[in-house]
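Each remark here refers to the structure printed beneath this line.
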Amino acid sequence: MKGCLGCMLFFYIMLPMLAATGPSSPDPVIASPLLRIERLPVAGGGELRTYFRRLPDHHANGLEIPLVSILEDTMGDGDPANDRARYVYAFGFARPTLWQRFSAAVPFLYRRAGGDRRRHPMPAPLIDMAAPSNGTIPKIAGAALQSSYLDPLGIPYRASSRAYRGRTSEYRDMNVYRALEVLRSAPPEAGGFGEEDLARIQGRLVLSTRILGGLVSESAAPSAWIKRRNASAMNLGHNWELLRQRADQNGLEFQPLRIGSEDTNFALLWVRADEPKHAFDSRFLGIGDPFSDARIRDWQGYSETWYFDNYGSREESGEAGAHPVRMIPLGLYALDHPKAPLLMIDFRRPGKLKRREMALRFSDDVATGVLGFTGWGNLPYMATKQVVFLVRGRWGAPVSREARVNAYMQLRQGLLMDRGLPEPLHHELVRNIDRLGWNPFEEGIGREVKIAESQYRALAGETNGSLARKLAEGREREIRNELHSGSARAGLRAATIATFGIYRHHDELTPERLAEVNRIRRDSYQERLQPVLAVLPPRPTVVTSAGAAQ
Amino acid sequence: MQRNNRGSWLGLALCAASILTAQAAPRRLVVIKADGLPAEVLDRWARATDPNTGRSVLPWVDHVFRRNGSWVRNFYTRGISLSAPAWSMLDTGEHLVIKGNVEYDRFTLRVYDYLNFFPFYLANARSTRADMPGPEVLDETGHSLLVDRFPPEERYQSNQLFQRGVHWRILGQGAVKRITSRTPRELFDEWQTGFEFTPAVTEQVEREVMQGIAGATDNYLDYYFIDYDHVVHLANDEASLVGVLRKLDALVGRLYTAIEASPRAKDTILVLVSDHGMNSDADVYSQGYNLVQFFNSAKGGGHHVVLNRHPMTEYKLRALDPFVTEVSSASSESLYLAGQAANYPTALLDLDGNERASIHLRNSDLNRLQQLLQRAAAKDMQAGRDALALIESKRTAWSRIVTEVEEERAALKRGIERQRLVVDAQEKKFNRLEHDLELDEPPKRERAALSSWERDYEGYGGYVEYLRHLLSLKASDLQAAKFRVDQLIPRRAMGDANRICDLQNYSIGPGVRINYFQALTELRARNNVQQGVSSRPVDFIAVALDPAGLASLNAGADYGVFLYFDDAHEALLLVRERAGQVSIRYQPAAKLTQDSNGAITFDARPWGADLPLKYFEDPALDVQGERGAWLSEWHTDQEWLSAVHRTMYSNGVIGLAEHFGPTRLGRTSKLWDEAGPDEPVLRRFEERKRGRVATDLLVLASNHWNFNVRGFNPGGNHGSFFRVSTNSTLMLSGAGIPQGRQIERPYDSMSFFPTLLRVSGLATSVQVRAYPGRVIQELLP
């Protein structure tokens, strides 16, 4: 009887999975005007959902770039109640070369290191959704090791170890921002996710950039994303309007842009070549006075021709009364930045932004790496820094490194995804933004595309291999909580650590256990839904007259 | 005769019976006051289905109000769509007394800042004030609030603009419970995802409202929901909007559930009301135009501007001061007042709400007089003679002001002495329990009244002293240079209101004049990058007709308003009131001018497109017969409302009439109740004060434009007469309220108060006739 039941359970659980292990035929889904989402079946009952961006036509006809993949454990059925997102991959996030690692440890080196990373094409996941806290202990241990052991060893050790750790963490964060940008660009249902599920993935990604973020409970994770998204919506509108008004006051032309996004996320300021001298106040703009700049008079760089009517309103070319005016770009601004728009490209001084970033980082690195002022380790320094940041931030200065890096990644990602900009302008922006790279782990946009392609090929080739194993491992971890007590699990973990990973405990996934996994997931789904359902009003039972009473 | 008498007695008996009935069993009111919540948005999302649940996106609003309650679908703000005026009408049921979010007294520059909580909280803590500025003004003008209908032990009022007293425990207990009501795990999660302190107050208010609902004693409870207004000013994306609506929906659900579980479930009415709508569009950012910079600039008159908050607040360290109510923005381009911003501000701006600006300009003749006296001080004899001639032309009016104000001050002084006795006789110490029961609030109220009267006494005294000096100025003083300009020209005062002719020929410097109607409507934005948004920030301007101008029209109106779009598209709104019935007539005009004697002339023009309010061309205008003919006639406010409420400018014609209407004082006020023979004089003084806060210009923004200078409000704004901004929410559910009823007939906010009195049984049909608004009959059983 027991055996019969086991057989029934086996077929109940495994049949859909076996069905799912057939030939891996891509299932293309058009997600949005910007993205295509491909859903590849993974052996054992999963899906690899990959977000692709078709390159602008002027780059290559029909070429697509893989951007992000999410490995979803579907248990091989169509029921979303037992689905679990497992891993998130950002293509381009690659294992560094030895040279890159060495460069990253060199203090005050603010440039890309280069190197061929295609030798290890299998991408590392950004996050393991089944165990989001996995990175927490290493992060805490790393920080403790840094402050208690490496810092006291002296400047060379302190400076290089801090540089290395900082750049490693920043490189990962950059790719998290990139993944967030991609996921935001497509509606959740296009990726086969519920709104809440996608918000949970995005929330986990946001939290993964914080040292203790992995410890946040499952139910609270979406709110990390919702708060970020709401703040971003407010930033976009606020800075759009701030920049428009500053352009008005300074006699400049404002051009909002959607670069690789459905939102207006960047803006360009232009000056008319025929503009008479105008009072200029550079506050919030961060650029020099164009009206007293000789470079504008002899401008050799990128320019456009716009058409205006006699009242100064922009017109389409060919409109009656419209006359052409040569327009010179001054600055490109990121709008998703707190307090004020962030200048990303100063067309007259292309190296300026890199120098600004280097100066900020240099001062930080001197303080922490050389002088040993390390936050809590030096309270007067920390207090002074906070006051300076408060005052400068209040005046609109870009004091948040995280926000600057985020804006930089949005622009890079946006340019990669963009289809709307004129080709010469796109080229000009890419050329400028590619100069900005300061992290040795980073790659130029062109090389990154190649890495992404090879990573995607490697990953897609593993749908019957390591990805299937990862699904199984995830399920094992889920069932382990049911099979072993807390202390037993701690013991098993300790054994793994003590043997440097040689020993890893495995719990065989029998049909009964798979059924148990299925049950756990459904229970958990109901548990998540319960608070929502519990506060719903009773279903309407009485049909009432909705007619207007006059 | 006998029969008539019998009828009268029967009527009286019925009336008495109904009063007794009404007083015997009043229903409990639980009111959710949602700031800025538009009816249309709520409707749209309540009808939408949430794919996760298969139910409405706003399940509780749908359940409580749409299915089991009544919804007044065409409910409008009467007046400008601005919080302080709008709530004042909802809370009193009276015509507008407060007409801006901040008001300035032209004679004394006293600032009535209705939105700033911080000075009030500090003053309350120091026992010098009991109420927010709004209730203080309403008290003084003799109007009571809805909450005043209930004794203190039967009411719970949350933090809001028209707040009486401070529940200090909300801050203390709220802060503690913000921590203690959560598990360490939840606190950790909040810390990591972004801890916010604001919910400490709102959660505590909700706890106290719940407590009140669970008890049997409270007959009135309210909850002020500010989040919608705050969020949508800043962001116009759907996710933010739906997020905040869901928050409101959940609140409705919790309150409804608590009511259902309470012992008074059967006699409780749950109300959801908003003060105004919100002009927000997911595809358009609201664009700002900086009027402060305009007025500071030479082309705007080189004014030293006063406003109630720092421009660009978020970028200034000094703007961290939460007690600020007056900020000066000096002009570097003033033609005759350079460096004198502190003593001689010449423009006062109320920009709140942002789709409109209410503007005081210093009287043009006062500007001219100061310029002449400056020149006279530099031995320009002709200028001296001109100054004396100007003073002479003002002698009658100014002498009258001096005489009347002195009479009023004398009466006020007697009132102050009486009030001082009251204050001195008060208990000064209160124990903890008395404090918790807020028994210390009435004495604070008495002290606040005394302080306010003393301030007016001093302020008005200072102003008339200047007038007296001016009136006593002689040619010999000028010749001997025995005068100082700063002792003759009132400091920090705007003087008399400007008439249309003053605003058409406004003196901004020696021999330099400006026409503000043209200057403001000719403003253009350089960068106008959104389709469908005009490059013209100013839509039209509204100005009150002065008595002489109105008389010259001989139109049988009690008061009037001049509307200006451009020289060819102007209008006169003529308003009359007979037996409490307001009637309005719209007269299209062009090239209107007013001479220095006040006589108004204009070219009569036919109805056509682009007249202010754009009714003629609006397809939603609902009138019988020829549009032009109907629009040109006198109609009651109700007739206008039915005809225009669905148009783009909706009930703007009524709103303008209301905004520019006279101040109607109530019957009882501390100011004159015990004043005996001084009562008429003190009433006149109160009317004078309210008259002095009336602004010269009401500048309305074009669609998707705003005048915010404190920061940026790209999400959306309100303040105009656009339907999207005036269409507000009114829903009721519970005891005696019809179920599933959607009321299409239009009503405005003046109906709210008497309707609530009727449905709650607090007043009879006879008693509510004392209020000017119509009861919403469809809500009565």
| request: Would you mention how many residues in region A:84-103 are buried (at least 22 other Cβ atoms within 10 Å of the Cβ) and either farther than 23 Å from A:Ala179 by Cα or of a type in the set (Asp, Glu) (or both)? | output: 1
| task | Please state which of the following conditions B:Asp275 fails to meet, knowing it meets all the rest: (1) in contact with a Phe, Trp or Tyr (Cβ under 7 Å, 6 or more places away or on another chain); (2) closer than 28 Å to B:Pro26 by Cα; (3) within 14 Å of chain A (Cβ to nearest Cβ). | result | (3)
| task | Give, as residue ranges, the helices (runs of 4 or more DSSP H) completely inside region B:404-484 that count at least 2 residues that are crowded, with 19+ Cβ neighbours inside 10 Å. | result | B:441-471
| request: Among residues belonging to region B:282-302 that are of a type in the set (Gly, Ala, Ser) and farther than 22 Å from B:Leu115 by Cβ, point out the one that is farthest from the other protein chains (Cβ to nearest Cβ). | output: B:Gly301
| remark: Of the candidates B:Arg692, B:Arg710, the one satisfying the condition of being under 24 Å from B:Tyr289 (Cβ atoms) and touching a Lys or Arg at 6+ places or on another chain (Cβ under 6 Å) is B:Arg710
| field | Test: residue in region B:303-314 that is without any contact (Cβ under 8 Å) to a residue 12 or more places away in the chain, within 12 Å of chain A (Cβ to nearest Cβ), surrounded by fewer than 24 Cβ atoms within 10 Å (Cβ to Cβ) and outside any helix (DSSP H, G or I) | value | no
| Could you list, in sequence order, the residues of region A:191-218 that are over 17 Å from B:Glu186 (Cα atoms) and β-branched (Val, Ile, Thr)? | A:Ile201, A:Val206, A:Thr209, A:Ile211
| message | Whether any residue in region A:497-508 is in contact (Cβ under 8 Å) with a residue 12 or more places away in the chain, part of a helix (DSSP H, G or I), away from every other protein chain (no Cβ under 14 Å) and touching a helix residue (DSSP H, G or I) at 6+ places or on another chain (Cβ under 7 Å) is what I want to check. | response | no
| Considering residues of region B:70-85 that are outside any loop (DSSP other than H, G, I, E, B) and more than 10 Å from every other protein chain (Cβ to nearest Cβ) only, the residue farthest from B:Ile226 (Cα to Cα) | B:Val72
| Counting residues that are away from every other protein chain (no Cβ under 12 Å) and surrounded by 24 or more Cβ atoms within 10 Å (Cβ to Cβ), which strands (runs of 3 or more DSSP E) fully inside region B:684-781 reach at least 3? | B:697-701, B:730-734
| request: Give just the number: which of (1) on the phi > 0 side of the Ramachandran plot; (2) under 19 Å from the mean Cα position of the chain (by Cα); (3) of a type in the set (Phe, Trp, Tyr) does A:Tyr177 not satisfy? | output: (1)
| task | Would you mention how many residues in region A:309-336 are more than 14 Å from every other protein chain (Cβ to nearest Cβ) and assigned to a loop (DSSP other than H, G, I, E, B)? | result | 6
| message | I need a count of the residues in region A:54-78 that are part of a loop (DSSP other than H, G, I, E, B) and modelled with pLDDT under 85. | response | 10
| Does region B:525-543 hold any residues that are part of a loop (DSSP other than H, G, I, E, B) and in contact (Cβ under 8 Å) with a residue 40 or more places away in the chain, and which are they? | B:Ala525, B:Asn528, B:Gln530, B:Gly532, B:Val533, B:Ser534, B:Arg536, B:Pro537
| query | Considering region B:306-363 alone, what residues qualify as being within 15 Å of B:Glu103 (Cβ to Cβ) and of a type in the set (Val, Ile, Thr)? | reply | B:Val306, B:Thr325, B:Ile359
| request: Out of the residues in region A:419-461 that are touching a residue at least 40 places away in the same chain (Cβ under 8 Å) and among the acidic types (Asp, Glu), state the one that is nearest to A:Gly351 (Cα to Cα). | output: A:Glu428
| task | For A:His278, state whether it is closer than 30 Å to A:Leu205 by Cβ and not hydrophobic (A, V, I, L, M, F, W, C). | result | no
| request: Look at B:Val533 and say whether it is crowded, with 16+ Cβ neighbours inside 10 Å, under 30 Å from A:Leu257 (Cβ atoms), within 14 Å of chain A (Cβ to nearest Cβ) and touching a His at 6+ places or on another chain (Cβ under 9 Å). | output: yes
| field | Residue identified as under 22 Å from A:Tyr89 (Cβ atoms), in contact (Cβ under 8 Å) with a residue 60 or more places away in the chain, crowded, with 16+ Cβ neighbours inside 10 Å and within 13 Å of chain B (Cβ to nearest Cβ) among A:Arg178, A:Arg200, A:Arg172, A:Arg228 | value | A:Arg200
| request: Kindly indicate whether B:Thr49 is in contact with a Leu (Cβ under 7 Å, 6 or more places away or on another chain), within 14 Å of another protein chain (Cβ to nearest Cβ) and free of Cβ contacts under 8 Å to residues at least 60 places away in the same chain. | output: no
| remark: Output for Cβ contacts, cut-off 7 Å, separation at least six or different chains, first residue facing chain B (nearest Cβ under 7 Å) and touching a residue at least 24 places away in the same chain (Cβ under 8 Å) in region A:235-249, second hydroxyl-bearing (Ser, Thr, Tyr) and not in a helix (DSSP H, G or I), reads A:Trp240/A:Thr264; A:Trp240/B:Tyr285
| Would a scan of region B:117-126 turn up a residue that is under 22 Å from B:Glu458 (Cα atoms) and either in contact (Cβ under 8 Å) with a residue 60 or more places away in the chain or in contact with a Ser or Thr (Cβ under 9 Å, 6 or more places away or on another chain) (or both)? | yes
| message | Pull out all pairs, ordered by first then second residue, where Cβ-Cβ is under 9 Å, the residues are six or more apart or on different chains, the first lies in region A:80-96 and is of a type in the set (Val, Ile, Thr), and the second is assigned to a helix (DSSP H, G or I). | response | A:Val88/A:Val176; A:Val88/A:Ala179; A:Val88/A:Leu183; A:Val88/A:Ile201; A:Val88/A:Arg204; A:Val88/A:Leu205
| request: Check region B:570-583 and report whether any residue there is more than 17 Å from B:Ala657 (Cα to Cα), assigned to a strand (DSSP E or B) and touching a residue at least 12 places away in the same chain (Cβ under 8 Å). | output: no
| request: Return yes or no: is A:Gly166 buried (at least 17 other Cβ atoms within 10 Å of the Cβ) and in contact with a strand residue (DSSP E or B) (Cβ under 6 Å, 6 or more places away or on another chain)? | output: no
| query | Among the residues of region B:225-236, which ones are at the interface with chain A (Cβ under 10 Å from one of its Cβ atoms) and in contact with an Asp or Glu (Cβ under 8 Å, 6 or more places away or on another chain)? | reply | B:Asn236
| query | Tally time: how many residues in region A:203-218 are at the interface with chain B (Cβ under 8 Å from one of its Cβ atoms) and either more than 21 Å from A:Pro398 (Cβ to Cβ) or not in a loop (DSSP other than H, G, I, E, B) (or both)? | reply | 7
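The values are calculated or read from the model by the stated rules, or taken from the named source; none is laboratory data. Just so it is clear, the model here is predicted, and its values are computed rather than measured. Counting neighbours? That spans all protein chains shown, and the Cβs are built from the backbone with ideal geometry, glycine included.
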